[in-house]
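Quick note: the coordinates plus some simple rules give every number you see, no bench work behind them. Quick caveat, the model's predicted, so the values are computed rather than measured. With ideal geometry, Cβ positions are generated from the backbone for all residues, glycine too; neighbour counts draw on all protein chains shown.
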Amino acid sequence: MKLLTTAVTLLMASMANAEVFYWCTGNGKCDNAPGVGPTYDCGKKLGYDYYDSNRKRWRTSGDTVKKFWETGGFYDCCHAKNKGACYDIQNQ
């Protein structure tokens with residue numbers, strides 16, 4: 001149990017030091033393709049601050065991953081427009 005607690009603590013600490021990119025996808029694949037609509041609208045609705053207009057993706061800190069899965073989060077927003085939803089966690 002102590003090992004599990006330590007692993008979860010380390011994971012949470014690494015997430016806090018990570019950047020997370022969110023985007024909607026039209027082909028259902030979470031690949032290197034730019035995001036598609038409604039990526040911009042979904043991020044604005046959730047209060048994200050940094051939009052990369054070249055890649056059409058939102059960049060946030062790792063502690064916002066829960067907004068992807070929660071009811072009304074990024075996943076639900078993309079799927080409401082019949083699009084897939086992706087995220088990519090990159091440790092700094």
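Over the Cα atoms of the stretch 16-84, what is the Rg over Rh ratio if Rh follows Kirkwood?
Working: Rg = 10.9 Å, Rh = 11.8 Å.
Radius of gyration over Kirkwood radius for the stretch 16-84 works out to 0.92.
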(request) Pop a pseudo-label 7 angstrom from the Cα along the beta-carbon direction at both Gln90 and Asp49 and give the gap in nm to one decimal. (result) 1.8 nm
(request) Pop out the ³J(HN,Hα) list for the stretch 46-56 in order, Karplus 6.51 cos²θ - 1.76 cosθ + 1.60 with θ = phi - 60°, rounded to Hz; leave Gly and Pro as x. (result) 8, x, 5, 9, 10, 10, 8, 5, 6, 8, 6
(request) Run down the lysines and flag those whose C-alpha is under 30 Å from the C-alpha of Lys83, throwing out any fewer than 8 positions away in its chain. (result) Lys29, Lys44, Lys45, Lys56, Lys66, Lys67
